[in-house]
Amino acid sequence: MAERIAEEKVNEIRQAVEIVDVIGDFVQLKKQGRNYFGLCPFHGENSPSFSVSPDKQIYHCFGCGAGGNVFSFLMEIEGISFQEAVLKLAEQANIELQLEGPLTNKGPQLPEGSKQMIEAHELLRKFYHHLLVNTKEGQDALEYLLNRGFTMESIERFQIGYALPSWDFVSKLLEKRGFSLALVEKAGLVIQREKDGTYFDRFRDRIMFPIVDHQGNTIAFSGRTLGGEEPKYLNSPETQIFNKSKVLYNFHLARPSIRKQQQAVLFEGFADVISANRAGVENGVATMGTSLTEEHISLLKRNVQAVTICYDSDKAGIEAAYRASNMLSKAGFAIKVALMPDGMDPDDFIKVHGVEKFKNEIIGSSATLMAFKLIYYRRGKNLQHEGDRLQYIEEVLKEISALDKAVEKDLYLRQIANEFSLSLEALVQQQNQLVQARNQKKPPTKGQAQPENKPVAFSRKAELKPAYHTAERRLISHMMRSADIAYKVQDMLQGNTLNIDEHQAIITYLFAYYEKGHDPDPSAFLNYLQDNKLKRVVADIEMMPLNEEISDQELSDYIKQVLNYQKMLKIKEKLAEQKQAERQSDFLRAASIAAEIISLRKTL
């Protein structure tokens, strides 16, 4: 990218793409009136405050203030430069770019060396895959996979490969291709010997599973032994391009299915994802040898609101499922848990019972979160023993009391009452006591009463702003819609500036924008602005409800509010001067200042 993109082309691309479609690839949007709402991808929230306007081709979050146009969104969500965002959208819109001059104003780039690290991983992914499916050296590994139930389709889909038993084949290959061995050592592909500083391959005689980031770049590997050697799985170390807490295996391939089905299936490891994919579960993802993190949840939240957890049925798997379910539930997801038979993981189940049973009897018959918790709290207890039975009932009553839906509470209370021959009234009374105790300990949080699915996009308007603040924003909004109104406001201000510095900066840029011959267009004006903070303010202003037409009287009222505030500041300043004069017994000066104050007040 050594050339500048013509402004005309930028506008052509902006007009050719639909902002709702672009943002819809990252955020689950629902139409409410003329706009679309969803959960903001830039900050954690449970109620939708992120708004997209197809009419104005802009977005704005009323929670964190993020806002801009389609280019701004891609730049912020993917950490790319303006030029990279333009190129990406041009390709999407099938628009051929005419590039001219050197590129300027580049946005955030990949850290130094990251591009080369990714290129090295991509090269090895293709090389390992070729060795597995096309060479004599990979024949044993291929037969091993096929005997374990892998299909050629899944081997191709997940680009599974094979690493030669050689100690230095990869090291020599990468060096021959021009890669610095010191750099690929940092990438985790080779290891340096302490005794002589030479390098050897990290992965040898292993089946290779590429780890791909959410943009489709190969960033790491996991190598499985063909025999009984330890470790069974050898994984890439964390590097500047690979962070386990941020990566979900298969997310790049699963995202279309996740969005289509409005559900993700969360597994413990990539082997389960691959096996489940053979069973037709194409919306499966997995953590990379680590517990579920807030970064994982944030990634899922941008795309889906329902998650089915399918972990191993051993003690560690059930504990991990419990922790993950609590985290996901707290983040506002609808949760189900797929219950595996004792001692089995998804891969084992599919091998024994087949793909249809897994899809229908495990994933298709997943338990509700509360049903899973009823099972979870039974573990390690002898319910024939009175103490264990009372402890179990108390634990599940705490969970039932936290449920939102009255029908769901009633269902589980009756279930407990019937199982243990208890009075429903007694259970309801104890549940109410738990709710009351919880409410006393935990004061209601801001916005708690809001229904979870109801957009709260305009909740910030509850913060009362001074009249001049609102007036300035309404003036700016009308000025962005009409150059004639913009110049009319300029005349009416008579050389005075707006009271808010950001507002004054915006109209200064706006006049420069019009002077260059641009037509009124808020989305195009956002491209013209270079300051991200001002872009957010403009996006916020553009989301204000506003009459299409404005009368001269309405304009005059807004101008009066702006100028009156300046006069009020002047009066306040004069009152301070008057008091100072009185303290100094300068009554003649105090009287003169009082006359000025009276004169100023008459102009309000």
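The values are calculated or read from the model by the stated rules, or taken from the named source; none is laboratory data. These numbers come from a predicted model, not from an experiment. Note that we place each Cβ from the backbone using ideal geometry, even for glycine, and neighbour counts take in every protein chain shown. When the accessible area is computed, the model is the full protein with side chains, heavy atoms only, and any ligands, DNA or RNA have been set aside. Shrake-Rupley method; radii C 1.70, N 1.55, O 1.52, S 1.80 Å.
Cβ-Cβ distances below 7 Å connect the following pairs, each with a first residue in the range 539-553 that is within 13 Å of residue 482 (Cβ to Cβ) and touching a residue at least 60 places away in the same chain (Cβ under 8 Å), a second residue that is in a helix (DSSP H, G or I) and open to solvent by 10 Å² or more (accessible area, probe 1.4 Å), and a separation of six or more residues or different chains: 546/474; 550/485.
Contact map, the range 73-89: residues that are touching a residue at least 60 places away in the same chain (Cβ under 8 Å) and under 19 Å from residue 54 (Cβ atoms) paired with residues that are part of a helix (DSSP H, G or I) and open to solvent by less than 40 Å² (accessible area, probe 1.4 Å), Cβ distance under 8 Å, separation 6+ or inter-chain. Pairs shown: 89/13; 89/14; 89/22; 89/70; 89/71; 89/74.
When the range 136-160 is limited to residues that are of a type in the set (Gly, Ala, Ser) and touching a Phe, Trp or Tyr at 6+ places or on another chain (Cβ under 8 Å), the one that is surrounded by the fewest Cβ atoms within 10 Å (Cβ to Cβ) turns out to be 138. Checking each residue in the range 198-226 for being open to solvent by less than 10 Å² (accessible area, probe 1.4 Å), within 18 Å of residue 274 (Cα to Cα) and within 32 Å of the chain's Cα centre (by Cα) picks out 208, 209, 210, 211, 218, 220, 221, 222, 223. Between 291, 313, 325, 275, the distinction of being open to solvent by 50 Å² or more (accessible area, probe 1.4 Å) and of a type in the set (S, T, N, Q) belongs to 291 only.
For every residue, the table says whether it meets (1) touching a Phe, Trp or Tyr at 6+ places or on another chain (Cβ under 9 Å); (2) open to solvent by 80 Å² or more (accessible area, probe 1.4 Å).
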residue: 543; (1), (2): yes, no
residue: 546; (1), (2): no, no
residue: 549; (1), (2): no, yes
residue: 554; (1), (2): no, no
residue: 562; (1), (2): yes, no
residue: 573; (1), (2): no, yes
residue: 576; (1), (2): no, no
residue: 579; (1), (2): no, yes
residue: 583; (1), (2): no, yes
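When the residues of the range 227-252 are narrowed to those that are touching a Phe, Trp or Tyr at 6+ places or on another chain (Cβ under 9 Å) and open to solvent by 70 Å² or more (accessible area, probe 1.4 Å), which ends up modelled with the highest pLDDT? The qualifying residue modelled with the highest pLDDT is 235.
If I ask for residues that are closer than 29 Å to residue 274 by Cα and open to solvent by less than 30 Å² (accessible area, probe 1.4 Å), which ones from the range 175-191 would you list? Selection gives 184, 187, 188, 189, 190. Among the residues of the range 472-488, the one identified as among the β-branched types (Val, Ile, Thr) and either closer than 24 Å to residue 569 by Cβ or part of a loop (DSSP other than H, G, I, E, B) (or both) is 476. Taken over the range 134-188, residues that are out of contact with any helix residue (DSSP H, G or I) (no Cβ under 9 Å at 6 or more places or on another chain), of a type in the set (Phe, Trp, Tyr) and over 30 Å from residue 284 (Cβ atoms) amount to 2. Determine the pairs where a residue that is touching a residue at least 24 places away in the same chain (Cβ under 8 Å) and under 13 Å from residue 305 (Cα atoms), located within the range 43-56, has a partner that is open to solvent by 30 Å² or more (accessible area, probe 1.4 Å) and among the acidic types (Asp, Glu) with Cβ atoms under 7 Å apart, the partner being 6 or more residues away or on another chain. Final answer for the pair search is 46/452; 47/452.
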